[in-house]
Structure formats: C-alpha cells, structure tokens
Amino acid sequence: MNAAASGLEAGDELWSLVRETVGDGRLSVVMPFYRLAASARGNLRLVAELFESRRVPVELVPVDDGSSDGTDAEFERVATEWNYRHVTFKPVVCRRNGGKGAALKAGFAASTGEYVMLLDGDLDIQPQQTPWFFERMAKEGADVVVGSKRHPRSVVEYPWHRRIVSWCYFTLVRIFIGLPLTDTQTGMKLFRREVLGEALARMLVKTYAFDLELLAIARSRGAKIAEAPVVIRFGQKFGALSPKTVKSMAWDSLAVFYRLRILSYYARAEAPKPPAGEPLVSVVVACPEPSWMLEECLSAMERQTWEKWEAIVLPDGEVDPAFAAKYSGRVRFVATGKVRPAEKRNLGIREAKGEVVAFIDDDAYPDQHWIEYALKYFGDDSVGALGGPGVTPPGDGFLARIGGRVYENPLVSGSYRYRYRAGGVRRDVDDYPSCNLFVRKRLLDAIGGYRTDFWPGEDTLLCKDIVDSGARIVYDPWVVVCHHRRPLLMPHLRQLGRYAFHRGYFVKRYPSNSLHLSYFIPSLFVLYLVLAAALAVVPTPSAMPVWLWSLWYGVMCGPLLVYLALLFLTTFTWRLPTWALTVCGVFATHVTYGVRFIQGLCAKRAPCEFIGQDHASSGRSPGAAD
C-alpha cells in the first residue's frame with residue numbers, strides 16, 4: 001500500500017512547510033545500509049528523486065556498515081550518475097561492521113544539516129511521509145519526531161510474528177524505561193541537529209537497542225518527542241529477527257534501563273569536549289620485528305577517518321625497504337636495538353610531532369574511527385589520557401578466541417571487563433594498558449614518559465604518574481582496537497602470570513593504583529583451596545557427632561560449590577568444546593594469577609624481562625590452527 005492509497009500522501013502545502021522550515025539550511029538524510037547491494041542504487045535514487053521533485057535542499061548520507069556484498073561499490077556507481085540540483089550525495093563507508101548505532105554516528109559526523117532524518121536503507125518506510133514529521137515538529141514544538149506503527153493514522157503491513165515481538169517489547173519499554181511513546185524501533189526519525197548531537201555524544205549502545213537508548217537520552221536531557229504516522233510495507237520477510245537478535249536486544253535494553261533508572265548515567269554524563277582545530281596524532285607502535293600482525297595494524301591505520309596522524313614504528317633492527325614501501329609517508333620506522341617496550345615507547349615519544357601520542361601494540365589493530373572518537377575528549381584540559389576496549393578479533397584461532405572468552409568472563413575480570421569487550425559506560429580510571437592509550441604529548445614530556453625498570457607493568461606506572469600529576473584518565477567504549485589473544489593454555493598463562501607477579505609487587509611498592517581488593521581475590525581463592533585440601537585429608541575424630549562433621553564439611557565445601565555453579569553458568573554456551581575449554585581456562589587463570597600474585601607480593605624485587613617467545617610476532621596467521 002502506498003501513501004496515496006492510505007490517505008497519508010502529503011500535499012503541496014505540507015511540502016512548502018518542509019522547505020520553509022529547512023530555509024537556507026539543509027535536511028540531512030542519514031541512511032544506514034548493511035548487505036543491501038541489490039537494492040541500494042534503486043533506493044538511493046528513489047529518495048533523491050522525491051526530494052528533488054519537491055525542491056527540498058537535502059544532503060543524502062548513506063552509510064555502508066561494513067557490508068561484504070558490494071554495497072560500497074553501489075555507492076560509487078551512484079556517485080558517478082549523480083545529477084541532482086537540490087540533493088547532494090555524501091556516502092560514508094565503514095570498513096568494519098559496527099552495528100546500526102555506530103553507522104548512524106558515522107553518518108551524523110559526516111552530515112551538516114540543521115535537521116537530520118534517520119531513515120533505514122531498506123526503505124520499509126518510504127520518505128513520502130517526511131512532511132508529516134515536520135508538521136508534528138512545528139505543531140507540537142517538538143525536538144524529535146518518531147514514526148510510530150501504532151499511530152492512529154499509520155497503515156502497517158506487518159507479519160504476525162513481528163507484531164507479537166513488537167508488542168512485547170513496547171510493553172517492557174513503557175514499564176521499565178517510561179518513554180511516553182507507542183513505538184521506538186520504527187526506522188524513520190527526525191531530529192533537530194543539536195538534540196541528536198547531544199544524544200549521540202552520550203550514546204553507548206551500538207546495535208539493536210540503539211533507537212531506545214537514543215530516545216531515552218534525548219528525553220532525559222529535556223528534549224520534547226512527538227510521533228507521526230507512517231506507512232510500512234514490511235511484507236512477510238523475517239528481517240533481522242532471530243533468537244540471537246532478541247537476546248542481544250533484551251540485554252542492551254536492560255543495560256539502558258540500568259543506566260537510566262539505577263545509575264542516572266545519562267543525566268550526569270558529560271559530553272566530550274573536542275579540541276580546537278585538527279591536532280596531529282602520533283601513533284607509537286613498539287615491536288621486535290615486522291610481522292603479519294604489524295601489517296594488519298598499519299593497514300588499519302591507513303583507513304582512519306582522522307586524516308592528521310603519523311605512525312612511529314619501533315622494531316629492534318632495520319626494516320626491509322620493500323616492507324616499508326607498502327605504507328604511506330606518514331609511517332616511519334626507527335630501529336631501537338633489543339630494548340624493553342618502555343624504552344622503545346620513550347624513543348617514540350621523543351620522535352613524535354603530534355599534540356597527542358597514541359600507543360598501540362603491534363598485535364592489535366584499530367577501528368577506523370579510533371583516532372576520531374578519542375580526540376573528542378582532548379578539548380578538556382583536565383583529561384590527560386584516554387583508553388578504550390581491546391576486543392578479541394573475529395579472525396583469531398580457536399584457542400585464542402577461548403583466551404578472549406576467559407578474559408571477558410565476569411569471574412576473571414570482574415569490574416574490569418570493560419577493558420576486554422566493547423560496551424559499558426564512560427568512566428575515569430587510574431590504570432590502563434598501553435595496547436590502546438592516548439596521552440597528551442606535553443604531559444608525557446612533563447612526567448618523563450615511561451619508567452624503564454619494569455616489563456610488564458610499565459603502563460601501570462605511567463598511569464600512576466599521570467594521575468599523580470592531577471590529570472584524568474578517561475575510558476570510552478567507542479575507542480576500540482582488536483587485540484589478538486594468546487591461545488590457551490600455556491601462552492595465555494605465561495602472559496597472565498607476568499601481569500599477576502608485577503601487580504602483586506606493585507601493591508606494596510606503588511599502591512596508589514594497585515592496592516585494590518579485586519586483585520587479592522584469586523590469591524584468597526588459592527589459599528582456600530589449599531586449606532580445603534588439607535582438611536580433606538585430615539582424619540575425622542571418632543568422637544565428633546555426625547551432624548557436626550556434616551556442618552563442618554558443608555562450611556568448607558559450600559564456597560567451592562557456589563564457585564563451580566557460577567563458573568559453569570558464566571561460561572555456558574551450547575558449543576560444548578568451547579564451554580569445557582573456557583571452564584578449564586577460567587579455573588587455571590584464577591589459580592595461576594593467585595599464585596603469581598602472592599609471589600610478587602613476597603618478592604624483594606621484580607625482574608626486568610625482555611619480550612618472550614609468546615610475543616605477537618610468533619608467525620601465526622589469522623585463523624590458524626592452534
């Protein structure tokens with residue numbers, strides 16, 4: 001059913017309202033696309049021809065969210081054919097799939113319009129209803145207008161299974177989130193630019209609950225939201241609805257509820273303050289020698305959306321000119337000799353020309369918006385450094401991905417899970433690893449860079465010096481790198497053991513950012529296991545009553561049973577080999593960390609170590625068998 005048949009087609013008077021409202025500015029239409037190569041060209045031309053025929057100045061911003069089907073090639077084809085007077089074409093291509101929220105955020109950053117319309121690229125809702133959105137905005141003085149399937153004038157062709165899911169979700173949203181809306185998920189929304197920008201600056205969800213969070217933030221910040229009728233021709237296609245989708249959306253929605261109602265996060269979250277101008281960023285990469293991982297890292301650097309950067313790569317020896325020739329003149333290779341990573345990074349700091357220095361490991365590669373998203377904080381003079389998550393790359397081998405699951409497990413990382421998975425809230429931290437860390441150059445010069453007497457642990461001491469100087473270290477979940485993991489079991493445990501030893505040593509020598517209860521828990525667990533094992537072999541006195549004996553063993557075994565229950569629940573997956581290996585990995589991680597932490601706590605000095613045999617340059621290729 002089209003808009004005319006439904007009685008929702010807008011006449012010339014309403015289109016005149018659109019032109020008058022936009023005035024000398026423009027309307028930006030941001031359209032996310034994912035694997036829509038077959039329909040992208042036709043849909044873009046349909047939207048362009050509509051606004052061209054109505055003489056509305058429009059900036060059309062399609063965003064390819066890391067599609068692998070040639071959607072970006074269709075954008076290029078459309079660009080060569082573009083011949084519209086009132087509609088300009090500004091395509092955005094994300095090289096990695098980051099979810100709808102990330103795509104729309106990238107599209108908004110590329111747009112310039114005073115009004116921004118979000119319109120799904122599949123055109124299940126066609127833009128002929130645009131004037132009704134402007135009419136509602138003008139009549140109700142709204143800052144946001146949302147298309148609603150439940151509006152009395154909406155006409156919806158919708159399969160029964162999606163109606164059921166939509167009704168259930170709407171009911172939960174009204175109960176827990178409290179938005180005064182009948183629909184949040186419809187793929188057509190109109191925003192005043194400043195309202196959308198303020199909401200996007202505080203947004204955390206990237207995938208299915210993006211719409212809900214965006215509207216919850218806008219309302220919590222005082223925006224007025226209205227609804228407009230839509231015509232939806234969804235047909236019988238199932239869309240992205242699947243058990244996995246429903247689960248992800250449920251968890252993301254619960255996270256929005258928690259941040260909105262429990263933490264009151266959105267009301268108090270500060271918007272990042274970007275720096276003036278476009279500062280140069282110097283990216284420092286310490287490595288022993290060139291490797292496939294270093295190539296992966298530098299290739300990702302070449303795709304950054306931020307143009308003003310340089311990379312300083314610090315191998316032990318000279319680099320083959322053929323290898324160096326693969327990269328632009330912004331990448332410099334400086335041989336250091338075989339020295340510790342801290343000494344390499346200090347040399348990189350001295351070589352850096354940028355106002356901000358970004359540290360990344362050679363076994364990590366950044367998201368294409370990595371620098372762009374990080375720099376948004378450096379207009380605030382109180383921010384000295386910024387870090388983001390290091391997630392497990394999808395191309396890692398099976399045992400390496402298990403190592404990633406172990407680090408992400410809540411029993412292992414606890415309140416520090418944000419380091420290993422994208423998500424969570426922005427926060428100030430007092431310690432962050434150098435695999436993903438941005439620091440002001442003048443601050444690094446003032447504190448003398450890294451201390452060179454420790455490896456690992458040099459980044460903990462750098463962060464201690466930053467915080468001691470009075471500067472803040474901020475964590476942002478959008479500043480993402482993919483960080484290759486050590487495979488289970490021994491490479492993972494060797495790396496973990498070094499971290500644990502130095503953490504135990506720093507607890508007594510540099511306690512300001514290491515003396516935290518969470519670091520002691522694995523050691524307490526190990527001492528409990530030793531005590532329980534010792535008592536298990538002690539003969540039970542014959543005079544002890546049965547009930548007392550049972551109570552005694554219940555007290556001793558109870559914590560272990562609770563631990564095992566939590567271990568199996570938090571690692572559960574239907575893939576039994578993955579489940580079993582993760583269970584073993586989590587238990588071994590706790591024991592190893594606990595023992596090595598005690599060793600560090602008791603040590604008189606910490607050894608200065610060089611890069612070991614399990615470093616990233618071991619020669620494995622992505623997805624190789626472990």
Exercise. Taking strands (runs of 3 or more DSSP E) that fall entirely within region 75-147, which contain at least 3 residues that are within 31 Å of the chain's Cα centre (by Cα), surrounded by 17 or more Cβ atoms within 10 Å (Cβ to Cβ) and of a type outside the set (Gly, Ala, Ser)?
Worked result: 92-94, 115-119
For this session: Go through region 205-249 residue by residue and tally those that are assigned to a helix (DSSP H, G or I) and modelled with pLDDT under 80.
Result: 7
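Look through region 13-39, keep the residues that are in a loop (DSSP other than H, G, I, E, B) and of a type outside the set (A, V, I, L, M), and return whichever of them is surrounded by the fewest Cβ atoms within 10 Å (Cβ to Cβ).
My answer is Asp24.
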Exercise. Taking region 393-408, which residues are crowded, with 21+ Cβ neighbours inside 10 Å and closer than 30 Å to Ala565 by Cβ?
Worked result: Asp396, Ala400, Arg401, Ile402, Gly403, Gly404, Arg405, Val406, Tyr407
For this session: Could you run through region 198-233 and say how many residues are surrounded by 19 or more Cβ atoms within 10 Å (Cβ to Cβ) and either among the hydrophobic types (A, V, I, L, M, F, W, C) or not assigned by TED's automatic domain parsing to the domain that holds Phe176 (or both)?
Result: 20
Exercise. Checking Phe520 against (1) assigned to a strand (DSSP E or B); (2) hydrophobic (A, V, I, L, M, F, W, C); (3) assigned by TED's automatic domain parsing to the domain that holds Ala606, which test does it fail?
Worked result: (1)
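Identify, from the list Gly384, Gly390, Gly424, the residue that is in contact with a His (Cβ under 6 Å, 6 or more places away or on another chain), closer than 28 Å to Leu515 by Cβ and either touching a residue at least 60 places away in the same chain (Cβ under 8 Å) or not polar (S, T, N, Q) (or both). Walk me through how you get there before you give the answer.
Working: Gly384 fails: in contact with a His (Cβ under 6 Å, 6 or more places away or on another chain); Gly424 fails: in contact with a His (Cβ under 6 Å, 6 or more places away or on another chain).
Result: Gly390 is the single residue among Gly384, Gly390, Gly424 that is in contact with a His (Cβ under 6 Å, 6 or more places away or on another chain), closer than 28 Å to Leu515 by Cβ and either touching a residue at least 60 places away in the same chain (Cβ under 8 Å) or not polar (S, T, N, Q) (or both).
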Exercise. Would you call Arg486 surrounded by fewer than 18 Cβ atoms within 10 Å (Cβ to Cβ), touching a Gly at 6+ places or on another chain (Cβ under 8 Å) and either touching a residue at least 12 places away in the same chain (Cβ under 8 Å) or in the same structural domain as Phe587 (by TED's automatic domain parsing) (or both)?
Worked result: no
Seminar exercise, completed: Residue hits (region 564-585; touching a Ser or Thr at 6+ places or on another chain (Cβ under 6 Å) and in a helix (DSSP H, G or I)) are Trp579, Thr582, Val583
For this session: Select from region 440-457 the residues that are within 13 Å of Tyr499 (Cβ to Cβ) and within 27 Å of the chain's Cα centre (by Cα) and write down the one among them that is surrounded by the most Cβ atoms within 10 Å (Cβ to Cβ).
Result: Gly457
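Table: residues versus (1) modelled with pLDDT under 95; (2) closer than 30 Å to Phe587 by Cβ; (3) surrounded by 17 or more Cβ atoms within 10 Å (Cβ to Cβ); (4) of a type in the set (Val, Ile, Thr).
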site	(1), (2), (3), (4)
Lys376	yes, no, yes, no
Leu411	no, yes, yes, no
Gly414	yes, yes, no, no
Tyr418	yes, yes, yes, no
Arg427	yes, yes, no, no
Asp431	no, yes, yes, no
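Here's the yes/no breakdown for (1) in contact with a helix residue (DSSP H, G or I) (Cβ under 9 Å, 6 or more places away or on another chain); (2) at pLDDT 95 or above:
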{"residue": "Arg261", "(1), (2)": "yes, no"}
{"residue": "Tyr265", "(1), (2)": "yes, no"}
{"residue": "Ala269", "(1), (2)": "yes, no"}
{"residue": "Pro275", "(1), (2)": "yes, no"}
{"residue": "Ala286", "(1), (2)": "yes, yes"}
{"residue": "Cys297", "(1), (2)": "no, yes"}
{"residue": "Ile312", "(1), (2)": "yes, yes"}
{"residue": "Ala322", "(1), (2)": "no, no"}
{"residue": "Val334", "(1), (2)": "yes, yes"}
For this session: Scan region 291-326 for residues that are touching a Ser or Thr at 6+ places or on another chain (Cβ under 8 Å) and not hydrophobic (A, V, I, L, M, F, W, C) and jot them down.
Result: Ser291, Glu302, Glu310, Pro315, Asp316
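Could you tell me how many of the residues in region 40-53 are buried (at least 19 other Cβ atoms within 10 Å of the Cβ) and either without any contact (Cβ under 8 Å) to a residue 60 or more places away in the chain or assigned to a strand (DSSP E or B) (or both)?
Residues flagged as buried (at least 19 other Cβ atoms within 10 Å of the Cβ) and either without any contact (Cβ under 8 Å) to a residue 60 or more places away in the chain or assigned to a strand (DSSP E or B) (or both) within region 40-53 amount to 2.
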Seminar exercise, completed: Per the filter on region 151-186, residues under 24 Å from Arg259 (Cα atoms) and surrounded by 18 or more Cβ atoms within 10 Å (Cβ to Cβ) are Ser166, Tyr169, Phe170, Val173, Ile177, Leu179, Leu181, Asp183, Thr184, Gln185, Thr186
For this session: Can you run down the residue pairs with Cβ atoms below 9 Å, 6 or more apart or on separate chains, where the first is in region 156-171 and closer than 14 Å to Leu212 by Cα and part of a strand (DSSP E or B) and the partner is at pLDDT below 75 and of a type in the set (Phe, Trp, Tyr)?
Result: none
For this session: Could you list, in sequence order, all residues of region 539-563 that are assigned to a loop (DSSP other than H, G, I, E, B) and at pLDDT below 70?
Result: Pro539, Thr540, Pro541, Ser542, Ala543, Met544
Exercise. Under the condition of being assigned to a loop (DSSP other than H, G, I, E, B) and under 21 Å from the mean Cα position of the chain (by Cα), which residue from region 265-292 is surrounded by the fewest Cβ atoms within 10 Å (Cβ to Cβ)?
Worked result: Glu270
Problem set entry | Looking only at region 336-361, and only at residues there that are in a loop (DSSP other than H, G, I, E, B), charged (D, E, K, R) and out of contact with any Leu (no Cβ under 8 Å at 6 or more places or on another chain), the one that is nearest to Glu372 (Cα to Cα) | Asp361
Problem set entry | Criterion violated by Val116 - all others in (1) closer than 14 Å to Val230 by Cα; (2) out of contact with any Asp or Glu (no Cβ under 6 Å at 6 or more places or on another chain); (3) among the aliphatic types (A, V, I, L, M) satisfied | (1)
Problem set entry | Tabulated pairs, region 402-419, first outside the structural domain of Leu566 (by TED's automatic domain parsing), second outside any helix (DSSP H, G or I) and among the β-branched types (Val, Ile, Thr), C-beta under 6 angstrom, 6+ apart or interchain | Gly404/Thr392
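Residues Leu493, Leu437: which one is part of a helix (DSSP H, G or I), surrounded by 18 or more Cβ atoms within 10 Å (Cβ to Cβ) and either without any contact (Cβ under 8 Å) to a residue 40 or more places away in the chain or not small (Gly, Ala, Ser) (or both)?
Answer to the selection: Leu493.
Looking for whichever is free of Cβ contacts under 8 Å to residues at least 24 places away in the same chain and either acidic (Asp, Glu) or outside any helix (DSSP H, G or I) (or both) here; the options are Asp431, Asp465, Asp396, Asp459. Which one fits?
Values: Asp431 fails: free of Cβ contacts under 8 Å to residues at least 24 places away in the same chain; Asp396 fails: free of Cβ contacts under 8 Å to residues at least 24 places away in the same chain; Asp459 fails: free of Cβ contacts under 8 Å to residues at least 24 places away in the same chain.
The conditions single out Asp465.
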For this session: For Val87, state whether it is modelled with pLDDT of 95 or more, more than 27 Å from Pro180 (Cα to Cα) and touching a helix residue (DSSP H, G or I) at 6+ places or on another chain (Cβ under 7 Å).
Result: yes
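The values are calculated or read from the model by the stated rules, or taken from the named source; none is laboratory data. Note that this is a predicted model, so its numbers are computed, not measured. No Cβ is skipped: glycine too gets one built from the backbone with ideal geometry, and neighbour counts run over all protein chains shown.
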